[in-house]
Amino acid sequence: MVFPLGKTRSDCSGFDQLTRLAKSLELVSFDKVDIDMSGCTWFDANMAAPLGALLYRASHQLNNVRILGASHRLENILRKNEFLLNYGRLPLTDSNVTTIPYRRFEPTDGRYFVSYISKYLQGRGMPKMSAGLHKKFLESVYEMFNNAVIHSGTTLGIYSCGQYYPNVHRLDFSIGDLGMGIRESLRRKKQLELAADEAIRWAFTGTNTTRTGPIPGGLGLKLLADFTTKNGGRIQIVSDRGYWELEEGSVRSSLFDLPFPGTVVNIELNTADTKSYRLSSESNLGDIF
Amino acid sequence: MSEKVVIRPYEVVGSPLCVASEDGERVYALVRTALKEGRKVDLSFENVSILTSAFLNSAVGQLYREFSEKAIRDSLSVTDMSQEDADLLKRVVETAKSYFKDPDWLRRAHQEVLGEDDEQ
C-alpha cells in the first residue's frame, strides 16, 4: 500500500492525518508499506514520535516499510533527529543541536529515558532556561513517561521526539504509546463509558485517576496542565478518537473520525519564560503529613 | 529511645532523579518495614534534584493504605527538601488521604463533572 503523507504539524489536522494512516495500516501484514512524502511541505519534527509509533507497529506486522519522496530539507531534518535511521538512512549531524532525537522505549526503560532527556536537553543549541523552568519541564516529561508506563498497558513501546525552535522560543516534545488509550482505560478500570474527548477531559479534572490499586495517582496530568498554563505553553493530547488541547488557559477538544491506536501527549514549552515555579501553597516540612 | 532511621532516596534510587514509580516502590518498602517495626523514619531528600508525583505516590502516598494519618505524622519526617518539592509532596499526601479514605470518591467526582456539563 502507498500512503501519501501531506503537511504534518502538531495540530488537529496533523493528528487527523495520522489517524487515517493508522486505519490504513491496521490490517496490513506481509506487505509493502510506502509512506509517500512527496507532497509533504512541512513536518513538525516532534511528530516523528506518533508517526514512528504507527510505523513500528506496521513493521511489527512484518510489513516492509519505506519512506519515499521527502524533500532534501525534510530528509535532513528527519535524519538529524534520527527518525529516518529506522528506514535505511544514515545519520546526519545536528550541528545546531536543537533536536531531542526520536527514540523508542520499553515501559521498563525509565532510567534510560531519564538519561536520554538529561543528555539532549543540555545540548549547546538547547534553550538556556531558568533553573526553575528547566526543573519543571523535566518533571513534566517524566510525568508523561510515567503516565504511559502506568496507564497505557502498551506492549509495543513508548515513542518520543523533540525539537527546539530558537526563533520563536518554543520547545516541542511528544511522547506516544500504542496502548489502550484513556477512553478504554476508563471503561476497563472505572466502568465509565465516555466519548474519547470527554475521557481526556475527565483525566484532567479534579482528583480523577484511573488508578484503582494500592498506589494513589491522578496528579501527573493536572501538574502538567498547571505548569503549561503558567508557562504560556500548550499541551495536546490525542487518544483514541479524542483530541484535547490546552493553550493559554483555554481548552479545545474534538473527535476525529478514526481512532489513534494509543495516546500521544505533546507539550510545547515557552522557553523564554522566567517565572518562578512554586505551587500556590507554601508547605511547611513539619506539617506535610 | 531508638534512633531515627534515615532513608535517603538518593541512595536508594542511586541517582538525583527520583522520577519512576518503581524507584518509589523501593523507598516505600524500606519506610514500610521501619514503620512496622515501630521505628521513626527521617526521609532525607538531600541531593535529590527532580521528583515526580509518580515517585512520591509510590514512595509515600501508598503508606496511607496501611498506616493511619496519626501513625505517619508521629513517625515519619521529611528533611532536606526544597519548598517546591515540599509543596508537591503535600499535594501527593492530600491526594493519597482522599484516595484511601473514600473508595467511591472518584465516581462521585465524575458525577460532579457530568453535572457541570448539564449546565453548559
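The numbers here are math on the coordinates, done by the rules we state, and not lab data. On a predicted model such as this, the values are computed, not experimentally measured, just so you know. Cβ coordinates were reconstructed from backbone atoms using ideal geometry, including for glycine residues, and neighbour counts include every protein chain displayed.
Taking neighbour Cβ counts within 10 Å as the exposure measure, how do A:Leu255, A:Leu74 sort from fewest upward?
Working: A:Leu255 14, A:Leu74 19.
Going from least to most buried by this count: A:Leu255, A:Leu74.
Using only DSSP helix segments of four residues or longer, with each worth -39500 (n - 2.57), what per-residue ellipticity at 222 nm results for the protein assembly as shown after dividing by its residue count and rounding to 500?
Numbers: 15 runs with 169 residues, N = 409.
The helix contribution divided over the protein assembly as shown gives -12500 deg cm²/dmol.
Which residue fluctuates most in the GNM of chain A (Cα springs below 10 Å): A:Asp16, A:Asp177, A:Asp34?
Between A:Asp16, A:Asp177, A:Asp34, it is A:Asp34 that shows the largest mean-square fluctuation.
Given Cα pairs under 8 Å that are at least 6 residues apart, what percent is the relative contact order of the range A:224-289? The partial results should precede the final answer.
Values: 96 pairs, mean separation 20.6, N = 66.
RCO, the range A:224-289: 31 percent.
Can you compute 3J(HN,Hα) from phi for each residue in the range A:208-214, using the Karplus curve 6.51 cos²θ - 1.76 cosθ + 1.60 with θ = phi - 60°, rounded to whole Hz and x for Gly and Pro?
4, 8, 8, 4, 10, x, x
Show me the GluC sites (Glu not before Pro) within the range B:1-107 that DSSP assigns to loop and that have at most 14 other Cβ atoms within 10 Å of their Cβ. Please list the in-between numbers first.
Numbers: sites: B:Glu3, B:Glu11, B:Glu22, B:Glu25, B:Glu37, B:Glu46, B:Glu66, B:Glu69, B:Glu84, B:Glu94; in loops: B:Glu3, B:Glu37, B:Glu46.
Filter output for the range B:1-107: B:Glu3, B:Glu37, B:Glu46.
If you filter the range A:63-163 for GluC sites (Glu not before Pro), then keep DSSP loop positions with at most 10 other Cβ within 10 Å, what is left? Working shown, then result.
On the way: sites: A:Glu75, A:Glu82, A:Glu139, A:Glu143; in loops: A:Glu82.
The qualifying sites: there are none.
When the Karplus curve 6.51 cos²θ - 1.76 cosθ + 1.60 is applied with θ = phi - 60°, which whole-Hz ³J(HN,Hα) does each residue of the range A:118-125 get, with x for Gly and Pro?
Those phi angles translate into 4, 5, 7, 6, 8, x, 5, x Hz.
With label points built 7 Å along Cα→Cβ from the Cα atoms of B:Glu37 and A:Lys128, find their separation and express it in nm.
Those two pseudo-labels are separated by 5.0 nm.
Step through the residues of the range A:19-29 one at a time and calculate ³J(HN,Hα) from phi using the Karplus curve (6.51 cos²θ - 1.76 cosθ + 1.60, θ = phi - 60°), rounding each to whole Hz and writing x for Gly and Pro.
Result, ordered by residue: 5, 5, 5, 4, 5, 4, 8, 3, 10, 8, 8 Hz.
Report, in whole Å, the centroid distance computed from the Cα atoms of the range A:112-138 and the range A:215-284.
Spelled out, the Cα-based centre of one part sits 18 Å from the other.
Over chain A, calculate the relative contact order: mean separation of alpha carbon pairs under 8 Å at least 6 apart, over the residue count, as a percent. Before the final figure, lay out the partial values.
Working: 569 pairs, mean separation 50.4, N = 289.
Relative contact order comes out at 17 percent.
Averaging over all projection directions, find the projected area of the Cα convex hull of the protein assembly as shown and quote it in nm² with one decimal place. Display every interim value, and only then the final one.
Numbers: hull surface 80.7 nm².
Value for the protein assembly as shown: 20.2 nm².
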